[in-house]
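First comes the structure, then the notes that go with it.
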Amino acid sequence: MKKTLKVAIAGNPNVGKTSLLNHIAGTRLKVGNWPGVTVEKKEAVVEVGDYRIHFIDLPGIYTLEPISEDEKIAVEFLLQERPDVILNVIDSTNFERNLLLTTELLEFGIPLVMALNMSDEAQRLGIRIDKSKLKELLNVQVVETVGRTGKGTKEVLKAIIEAADDTSNPREPVYSDSLERVLEKLKEEKREENKHELILELIMRGSKELESREGKPINQIVKDERFAFAHGLAKEVLKRELISRRDLTDKIDRVVLHPFLGLVILLSVIYLVFKLSFDLSAPFMDWIDGFINGFLSPLSLELLKSLHSPEWFIRFFSEAVVGGVGFVLTFVPLIGAIYFFITFLEMSGYIPRVAFLMDNFMHKMGLHGKSVIPLVMGFGCNVPAIMAARTMESKRDKFIVIAMIPFMSCPARLVVFAFFTSIFFRKNPALVITGLYLTGILIALFTAFLFKKIELKGKLSHFVMELPPYRLPSLKSVLVIVWAHVREFLYRAGTLIFAASIAIWLLLNFPINKPASESLAAGIGKALVPIFEPIGIDDWRATTSMIPAFLAREIVISSMGTIFAATEGLEEVQTQEFNLAEEMKNQVVGLGEAFVLALGSMLNPKVEALSVDESEYEGLKEIIAKHFSQLSALSFMIFILIYTSCLGTFAVMVQEVGKLRGTLFLGYSFVLAWLVAFLVYNVGRLIS
Amino acid sequence: MNMEMLKTGEEFTIRALKEKENPMINKLYAMGVKEGGKAKLLLKNGRVYLIKLGNSRVIIDRDLAKFIEVAH
């Protein structure tokens, strides 16, 4: 049986912990959240020889002193989980500063491996670290690494096993005689070996003797002692040659962070990310949709028919199971593409700069500059936008931004808007649609204002952040992270979406063998009419169509088509004969076309994925024109805009902020959508 | 004097940090912004400053920068 080792990866932010872990773990990297908080957790299990090594990446921190959630998570993990080895990743170019955390980690007495990362950059800067002396002084393993290329990865794994097998622990940092004496007394009294715990106890109790002698509070004394130890250690092992080197980062920053030029660059970058993500992924999303509904679903239908399965089971399998899985899979190209560009920008060092650039503007709304990225992404798709909000450091900002994103109108809503405006607002559809987008932004701002007042009180936290130098991330590192996120989405959101799509199918199809007008969903739809009547939606078929629309907003149109077809005699599209060989050929051709379309869209500067085909659903339009008025159509669109009727968004929201907050938010968006629609409908009626 | 009086591109020495109990000052301290440290003001953008400290660049908001006493 393999021996399991638990390894905590600790280090300052931007030291290349993630890159190093990417090289160690490859596709085994998993991303998730630390329980109860929205701090990202990365972990991986790697098998080396007789060992199964479980890596847990702790949040990037400068010290173990409690400043934010990040430090608390790290300390709690080290104390409660007591890892077998700590892998301390160090930015060799900022060696002395990094040693403060190393000093604190040494206090735990846990075997330690120091990965002197960015050793190539340090070398170029003339920084030399005496590895063997460091090893000798601290009794730890020391390895030089380059996170970007993966150099030193194998040596790190070897060093971890050596450190775990070594029975002698690393040398604890030794502080001044007076502090050591007090700690020794405490050690005897508490029978506690862990120096870090002893220091925590000492800070809690205070020490009159020490404080009066030093003339400063105990926590300051401890801090200064740790700094002194780190400084002394650096002096012993660090050598600097004077190399005069022009700093490229400073030069780029002069342009990228310029108040005017920087904004032009930022807008161009946002536009490019938008354009590339949507136009590159849209043809593949359509292809997956077609593959599931035009190939897998009829194929499973044919197969089940040949096995003489009952009719209801055949429909359940092809519509709910295959359709449900298909719905989840269609998101994959978009999430993959957006994550690719966001990860690239994050690892290259650009995203932290956006925070600097946009801070002034976003501060007026009570947020930090970094919030602008996920908010803009929301116009493309709320799902990856909410996932991208993880890059925000403060929990408060993260919650506010996540609550704002669902009001950024996405292309799914545009489909509904285009359908209704082409019937009721033929003269000025663009004006109405622009108005709806602006309403969404206003609602987002109102939500931020409201949440800050009610739940997330308190001043905007102080803004301190380190800007890493510009780096060209390796393609492998970026892809490993993209894959980890896609896999996480498939697993977490996938299970919820799948379960909900089965539930919705059951509602629409039970009791079996009854028409749609007598289904459970129709019953609920009819019961909902009194709620929607005050906002001008009094047809049970419209309220019923909103139930399946919880999967995704645009489904409201196709489900209206189905329900109105059943009750008004609208002709449904006849299913064609399924020919396996021909369909397989069609799917292969379709995939080829998706590649051509994706590449071809790069020649058009517009974002093509956002254009809507208005020629669809012609028959349904005539019926809808009879059952809605201009005002009730506007009210319906406002309701669809504001209410978070999107299972994908709800699923990631639950994932990021928890079930309770996610569900409360869903209720909030429903009430708000109803109130605004009520206001618009009734004020409109009074005026007209 | 505090950082507000510095011009872009000016080099300075950190003389003192006020409000050492403030967790964000603690963070700055751990990031290497401490007494005697030499730094350079790279850029100012409304509410935020960008300083260079050794090989690292740190963004500090103006409200927090008021707690940092500097000298030329």
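The values are calculated or read from the model by the stated rules, or taken from the named source; none is laboratory data. Note that the coordinates shown come from a computational prediction; the quantities given were computed from them, not determined experimentally. Note that each Cβ is placed from the backbone with ideal geometry, even for glycine, and that neighbours are counted across all protein chains shown.
Brief remarks on what is shown
- So A:GLU81, is it away from every other protein chain (no Cβ under 14 Å) and over 23 Å from A:ILE161 (Cβ atoms): no
Yes/no matrix, rows are residues, columns are (1) free of Cβ contacts under 8 Å to residues at least 60 places away in the same chain; (2) surrounded by fewer than 23 Cβ atoms within 10 Å (Cβ to Cβ); (3) of a type in the set (Ser, Thr, Tyr):
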residue	(1), (2), (3)
A:GLU319	no, yes, no
A:GLY326	yes, yes, no
A:ILE338	no, no, no
A:ILE342	no, no, no
A:GLU346	yes, yes, no
A:ALA355	no, no, no
A:VAL376	no, yes, no
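- Residue in region A:137-147 that is at pLDDT below 90 and on the phi < 0 side of the Ramachandran plot present: yes
- Pairs linking a residue in region A:247-259 that is facing chain B (nearest Cβ under 9 Å) to a residue that is part of a helix (DSSP H, G or I), with Cβ atoms under 7 Å and 6 or more positions apart or on different chains, are A:LEU257/A:ARG353; A:LEU257/A:PHE356; A:LEU257/A:LEU357.
- All of A:PHE356, A:PHE284, A:PHE274 fail the test of being in the same structural domain as A:TRP483 (by TED's automatic domain parsing) and farther than 29 Å from A:PHE446 by Cβ, apart from A:PHE284.
- A:LYS275 vs. criteria in contact (Cβ under 8 Å) with a residue 24 or more places away in the chain and not in a helix (DSSP H, G or I): no
- Selection of region A:49-68 for residues being within 14 Å of chain B (Cβ to nearest Cβ) and at pLDDT 90 or above yields A:ILE61, A:TYR62, A:THR63, A:LEU64.
- Hits in region A:86-109 (condition: more than 14 Å from chain B (Cβ to nearest Cβ) and under 29 Å from the mean Cα position of the chain (by Cα)): A:ILE86, A:LEU87, A:ASN88, A:VAL89
- Considering each residue of region A:647-654 in turn, none proves to be assigned by TED's automatic domain parsing to the domain that holds A:GLN630, closer than 25 Å to A:ILE537 by Cα and surrounded by fewer than 21 Cβ atoms within 10 Å (Cβ to Cβ).
- Checking every residue in region B:53-62 against the condition of being in a loop (DSSP other than H, G, I, E, B) and more than 10 Å from chain A (Cβ to nearest Cβ) gives zero matches.
- Qualifying residue in region B:22-36 (condition: more than 7 Å from chain A (Cβ to nearest Cβ), part of a strand (DSSP E or B), out of contact with any helix residue (DSSP H, G or I) (no Cβ under 7 Å at 6 or more places or on another chain) and surrounded by fewer than 21 Cβ atoms within 10 Å (Cβ to Cβ)): no
- Residues that are part of a loop (DSSP other than H, G, I, E, B), over 21 Å from A:ASN169 (Cα atoms) and of a type in the set (A, V, I, L, M, F, W, C) within region A:49-107 comprise A:LEU58, A:ILE61, A:ILE67, listed in sequence order.
- Boolean, A:VAL680 is farther than 19 Å from A:TYR437 by Cα, modelled with pLDDT of 85 or more and either surrounded by 14 or more Cβ atoms within 10 Å (Cβ to Cβ) or of a type outside the set (D, E, K, R) (or both): no
- Within region A:117-150, the residues that satisfy the criterion of being under 29 Å from the mean Cα position of the chain (by Cα), more than 14 Å from chain B (Cβ to nearest Cβ) and either assigned to a helix (DSSP H, G or I) or closer than 16 Å to A:LEU87 by Cα (or both) are A:THR145, A:VAL146, A:GLY147, A:GLY150.
- Top-ranked residue of region B:37-52 - restricted to ones that are of a type in the set (Gly, Ala, Ser) and in contact with a strand residue (DSSP E or B) (Cβ under 8 Å, 6 or more places away or on another chain), ranked as nearest to the other protein chains (Cβ to nearest Cβ): B:GLY37
- Of everything listed in (1) farther than 14 Å from A:ILE160 by Cα; (2) crowded, with 20+ Cβ neighbours inside 10 Å; (3) within 14 Å of chain B (Cβ to nearest Cβ), the single unmet condition for A:ALA10 is (1).
Residues are listed down the side, and each one gets a yes or a no for (1) of a type in the set (A, V, I, L, M); (2) part of a helix (DSSP H, G or I); (3) modelled with pLDDT under 90; (4) farther than 20 Å from A:GLY109 by Cα:
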{"site": "A:GLU189", "(1), (2), (3), (4)": "no, yes, yes, no"}
{"site": "A:GLU193", "(1), (2), (3), (4)": "no, no, yes, no"}
{"site": "A:LEU210", "(1), (2), (3), (4)": "yes, yes, yes, yes"}
{"site": "A:ILE221", "(1), (2), (3), (4)": "yes, yes, no, yes"}
{"site": "A:PHE227", "(1), (2), (3), (4)": "no, yes, no, no"}
{"site": "A:LEU233", "(1), (2), (3), (4)": "yes, yes, no, no"}
